[in-house]
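Each remark here refers to the structure printed beneath this line.
The values are calculated or read from the model by the stated rules, or taken from the named source; none is laboratory data. All of these numbers come straight from a predicted model, not from anything done at the bench. Note that each Cβ is placed from the backbone with ideal geometry, even for glycine, and that neighbours are counted across all protein chains shown.
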Amino acid sequence: MRISVLAIGQKQPAWADAAVNDFLGRFPADFKVELRELKAEPRSSRADAGRKSRSAEAVRLRAALSPGSTVIALDERGRDCSTAEFAQFIKRWRANGESVSFVIGGPDGLDDEFKRQAAWLMRLSSLTLPHALARVVLAEQLYRAWSILARHPYHRA
């Protein structure tokens, strides 16, 4: 199983980078999660700037996806799931040998067409999270899901 996190934006606060790197560094060799940061489009004040930015970023995201990867797009209107449910999704994807790509959009979110083509729209929280924090939460939840499946003491249910 190959898990990647594709995220628009290359400059995150140091605290967020440190937290994400900490969680990603905890995985064992047989369960690696890769973070790939992609360039964000420059922002402008034009009325259609957000749509054009999302469209250009979607092109970069599609090019960065591993062929045949199951795409999980993070979106505030996506499906909620519990940590235990999330671990079961990971378990199924792993058992099927699937590659999974979690995608975090830029400041204007993800392109509508990109979201329609995703296998699943997932919401990390009902709260609005800054993108840097979304990366941290996703990395932690991936680690927690692994810990549940490995019966590691990190997750105490």
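If only one of Glu57, Glu76, Glu98 is in contact with a Gly (Cβ under 7 Å, 6 or more places away or on another chain) and acidic (Asp, Glu), which one is it? Of Glu57, Glu76, Glu98, the one residue that is in contact with a Gly (Cβ under 7 Å, 6 or more places away or on another chain) and acidic (Asp, Glu) is Glu57.
Which residues, taken from segment 1-30, are β-branched (Val, Ile, Thr) and either under 17 Å from Gln141 (Cα atoms) or exposed (fewer than 15 other Cβ atoms within 10 Å of the Cβ) (or both)?
Going residue by residue through segment 1-30, those that are β-branched (Val, Ile, Thr) are 3, 5, 8, 20.
Correct list: Ile3, Val5, Val20.
Ser99 meets all of the listed conditions (1) in contact with a Leu (Cβ under 8 Å, 6 or more places away or on another chain); (2) within 13 Å of Leu6 (Cβ to Cβ) but one, namely (1). Please indicate, with yes or no, whether at least one residue in segment 41-54 is within 22 Å of Ser125 (Cβ to Cβ), at pLDDT 85 or above, more than 14 Å from the chain's Cα centre (by Cα) and not aromatic (Phe, Trp, Tyr). Scanning segment 41-54 turns up at least one residue that is within 22 Å of Ser125 (Cβ to Cβ), at pLDDT 85 or above, more than 14 Å from the chain's Cα centre (by Cα) and not aromatic (Phe, Trp, Tyr). Please indicate, with yes or no, whether at least one residue in segment 137-148 is under 21 Å from Arg43 (Cα atoms) and either β-branched (Val, Ile, Thr) or in contact with a helix residue (DSSP H, G or I) (Cβ under 7 Å, 6 or more places away or on another chain) (or both). No, that holds for no residue. The residues on offer are Leu74, Leu61, and the sole one that is surrounded by 12 or more Cβ atoms within 10 Å (Cβ to Cβ), under 24 Å from Trp146 (Cβ atoms) and in contact (Cβ under 8 Å) with a residue 40 or more places away in the chain is Leu74.
Return yes or no: is Leu121 assigned to a loop (DSSP other than H, G, I, E, B) and either aliphatic (A, V, I, L, M) or surrounded by 17 or more Cβ atoms within 10 Å (Cβ to Cβ) (or both)?
On the way: assigned to a loop (DSSP other than H, G, I, E, B): no; either aliphatic (A, V, I, L, M) or surrounded by 17 or more Cβ atoms within 10 Å (Cβ to Cβ) (or both): yes.
Answer is no for this residue.
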